[in-house]
1. Each residue of the stretch A:241-252 in order: what ³J(HN,Hα) in whole Hz does its phi give by Karplus 6.51 cos²θ - 1.76 cosθ + 1.60, θ = phi - 60°, with x for Gly and Pro?
2. For the charge dipole of chain C, defined by +1 on Lys and Arg C-beta atoms and -1 on Asp and Glu C-beta atoms about the Cα centroid, which residue among C:LEU362, C:LEU486, C:GLY291 has the Cα displaced farthest towards the positive pole?
3. Using amide H atoms built in the peptide plane, which far-off residues or other-chain residues are under 5 Å from C:ILE154 H to H?
4. Could you check what % of the DSSP bridge pairs in the protein assembly as shown are antiparallel, to the nearest 5?
5. Using the basic label-point model (7 angstrom from Cα toward the beta carbon), what is the A:ILE13 to B:LEU135 distance in nanometres?
6. Please go through the stretch A:218-259 and write out the trypsin sites (Lys or Arg not before Pro) that DSSP classes as loop and that have at most 15 other C-beta atoms within 10 Å.
7. Given labels modelled 7 Å from the Cα in the Cβ direction, how far is it in nm from B:VAL221 to C:SER193?
8. If a helix is a whole DSSP H run, which ones in chain B reach 20 Å or further along their own axis (Cα) and hold a mean Kyte-Doolittle hydropathy of at least 1.6?
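What follows is calculated from the coordinates using simple rules that are stated; it is not laboratory data. It should be emphasised that the depicted structure is a prediction, and the values quoted were computed from it without experimental measurement. Glycine also receives a Cβ, built like all others from the backbone with ideal geometry; neighbour counts cover every protein chain displayed.
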Amino acid sequence: MGLTGKLSAAVIIMVFIASLFSPVLVPYDPNSIDLDQIKHPPSAQHLLGTDNKGRDILSRTLQGGKISIGISVLAVLISMSAGLTIGLVSGYFGGKTDTVFMSFVDLVLAFPALLLAIGISVLFPPGVLTVVIALSAVGWASFARLIRGNVLSLRESVFLDAAKAIGCSNARVLFIHVLPQCFPLAFAMAGLKLGGYILTEAALSFLGLGVQPPDASWGSMISTGRVFIRSAPWMVFPPGLMIAVTALCFNLLGDALRDKYDPARTGHY
Amino acid sequence: MTGYVARKLILLVPLLLGITFITFLLTKALPGEPVYSMVGERASPETIDKLRKEIGSDKGTISQYAGYLNLILHGELGRSYYTNRKVSEEIMIKLPNTMKLAAGAMFIAVPVGILLGFLSAVRKNRFADRLISVLSIAGLSVPVFWSGLMLMLFFSLYLKWLPPSGTGDIRYMVLPAVTLALPSVSSFARITRTAVLETGLMPFVRTATAKGISKTRIYAVHIMKNALLPVVTVVGLDLGSYLNGAVLTETIFGWDGMGRFIMEGIIKRDYPVIMGCIITGTIVFVLINLVVDIAYSFIDPRVRINGTDR
Amino acid sequence: MTRTFIKRLSSILFCTGLISILFSCSPINRLDGYLHLRLAYNPTTLDPAFIVDVSGGSIAAKLFNGLVRLDNNLDITPDIAERWEVSDEGTLYVFHLKRGVVFSNGREVVSSDFSNSFKRILDPKGRSPNTWVFDKILGANAYMAGNADDITGIETPDSHTLKIRLEKPFSPFLHLLTMTAAYVVPHEVYSSSENDFGFHPVGTGPFVLERWRQNSELLLKKNKAYFGTEANIAGIVYRIIPEDMTALAEFEIGNIDAVNIPASEYSAYLGSPTWNRHIITGSALNTYYLGFNCSRPPFDNVSLRKAVAYSIDREKILEGFFEKRGTLAKGPVPDILRTWDQDIVYKYDPEAAGTILEEPGLQNITINFYITAEQEVADISEIIQYYLKKTGFNVKIKQLEWSAYKAALNNGEADMFWISWWADYPDAENFLFPLFHSSNHGAGGNRTRYTNSTADRMITSGQTELNAKKRANYYMTAEKIIIEELPLLPFWHKKEFLLIQPSLRAFVTFPVYTMDKGTEVAF
């Protein structure tokens, strides 16, 4: 992996560790309310200011990192594995398999994500895990569609015919030859989705389906703070900046992983 | 190909049956009753019972679903529980609005996204690539309600160029379309970049180079054509989600589209509205995917979509 | 190669710039002489029989009239009825209608229009949710159940006289008649248009509906043939704008004349020298409260409810977080409607709470606290949770979207919840009966499932008592019992704050939305 990839990974890990150890690092309890310190701009006492309930924004931003990064990584892992599997099988075997799987993918994609998320939040108690499930339940389908498209074009490649000609089994062709070819695209997509999921969680918290109060996530912090954009902008900038930085690092990491697993580069051809 | 299209369209029937049934079960499983939104804050138990009977929510799920199917077979989508208006008429107003917005957003996102992605790939690891990467990731990490508000505050409030909200002539469309397009521009750019770089490593490119075809021609014709495949997929996905409605964008800019309609339907448990929207959404989605699949075979003749080749 | 690309890119950017310049005309979007207002939601319907939301109600008030209405002192004043007599025992009301009142289709209003309008709401085959407004009329219940062809209590001896007989006296009956459900509608129009009346309403009001673009805007034009004071404005445009910040942008550009100030911007506008002169405020008849489920543990225990009350510094929350945008509630009844004395009780006293919580069985109480996903509610719930944690409660906040929340409350699933009650008419009865009478458990309004036979008796005695002083006495006794037993902890009565354009004159905010006929405001 290149330097950028390593650096990005380092930044993400650092942010995550900082958020894990936030109780030691910052002097305030992220959920501690102080009605005498409402909407204070950044100061020596509160480095990033306070929100509309007098809570320390630095503490909440750090606490939020744990939840936001955790949610998006978990959801991407789940939806990527599911999407890869279905996309591979569907694209490779084609025919009826493809029709059935892709109809199912269409069904999920055509289904309003919101309704699905509400449905899931009813089946499971509201909270972090439910958010992960809801995000994955919606997200895997677009992975599947993308991968299937990729496999469709790979299917006709010469090297696959060669592999089959020398007697490779379907499973071997799929996992040794086709799967690695899909990694680059999957990683690029994952990089995109990681940032995207942090934001989708924010949209869910609009409906009360996200992280439950008083816990903070970056997404819920910006969706809460958006109305203060003019009167107390410091409420939204820290979580917004953290989302941007993390999303950037996730994308760079995705690119680095793509390069690493690109068969064309490692001489698999 | 005609056979393929016909088969896809026939498949639409079981797909619609499946999706409406799942939706029906799901909405029934949700806590909350339409009656409570119909009566407001105060109502007598007798009135609530009467209304339940009126809208048929006192019957079993299966018989309600059967009743709904019967309605659809007669070419009706029913009436909203609250407004008593025909769902089909409402959709006829809202779907064109949504389509207009989606078209506007795609009109911006497709050329800009592909161009940026291509540029980024061509200038790989140079300044332009880095800049585009950072910008496009930034575009993806800004929530829609945030970028939308910012655009509005800047272009409407400070510059006083464009109206902040409403549905009307093209001026009203600019801000919501740009807001909707922003994340798509970024993802199209990312996917295009990846795809172009991928294709650039393919043997045929080496062959073409060896044959002495100019670099411009290789990029513009050979690579671009092959790289478009995943891009078309992502464009199709985004277009589908636009047409299912962009709740947040519609809310911020007061746009009267499908997103707000189904959202309100879900929140109030207005089953006829939810079902009507889902049926419309499914049909639109399948049609888009059909177009995408056909586009595949045009872009890449290796992809045969008759689907019976194996 | 890349150079051509950069060239193309810059030409595209140039074109984009050009297009934006082409469209860079003014963002102003308004009609001359019209008042421009904002609605957060599209009204569901404008048919008085079906209106349950404030959006629809406030517009209907401008399109329709009833027999009587409220004046600016919250007293009953004639509307279409010129005068009326009430029998001594309080069960017979005789209304004499004004002559020459016409619907906007040109036909004169006669007494049978009222009887038909009222019957329509009680129609056994109808869907009106507002039946409770008229179920006190003699024979109403039989008619609703389908056991009678007519309502015996409504008579029309001649074209301009309407007699209404009640089953038993109901002192706020005239107040009920001020509600949107009691507006008069022309029979021939709604019966021919079937389901369409809510979208093409025809009434007698100072304005007529000209156009309604769903989810977008409503256009009301002045009714030149209105029987009352003619409006000073050419009409009203209601713009439907769901997002607060968008509404503020529209206001600051000048597209909207009056807008409710969102909580987040309140202190900014108050401190702005340009705008603070243009903030108008008014009381509204509402009570925001923390409800307890009194029908099961843990809150079937009065002491525990009191411990919660002592644990929360409501005054501080009102001043700090809520920025004094309301008045501290002394009881469930708003101060404007209370004709008796009441002190603020349950002041912040964590020690008193601690003493109560030492009682056996009251340790480590876990509370399921249900709230909606609304931002302000989430904020308040977090503050309440924080205060309760300090005195030893374990509060679990459960955020639900609106329909699920409502069902959970109506079915009594929550231990504790946050909600508000807004008056339909200005009478203490409108707070005491729905919120606390044991016949209204759940959807009727009594979501705390509070049951107290003495309070029940006091409330119903107040309903039938005609003497104002005696009635106030009943209500006072009921409220005192309720405050003592505390099925809900009232927090505050929220005030309304609006930002208005400097050009606007005589724009006021009313405690009840039916009072605003839109005839006084001027430019």
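1. 5, 5, 4, 4, 4, 5, 4, 4, 5, 4, 5, 5
2. Farthest towards the positive pole: C:GLY291.
3. For C:ILE154, the qualifying residues are C:ARG165.
4. Details: 54 of 71 bridges.
Just about 75 percent of them are antiparallel.
5. 3.3 nm
6. Numbers: sites: A:ARG226, A:ARG230, A:ARG258; in loops: A:ARG230.
In loop regions of the stretch A:218-259 (DSSP not H, G, I, E or B), the sparsely surrounded trypsin sites (Lys or Arg not before Pro) are A:ARG230.
7. 6.5 nm
8. Working: long enough: B:2-29 (40 Å, 1.52); B:87-122 (49 Å, 1.36); B:127-141 (21 Å, 1.35); B:170-200 (41 Å, 0.83); B:224-243 (27 Å, 1.17); B:271-299 (41 Å, 1.99).
Helix filter hits for chain B: B:271-299.
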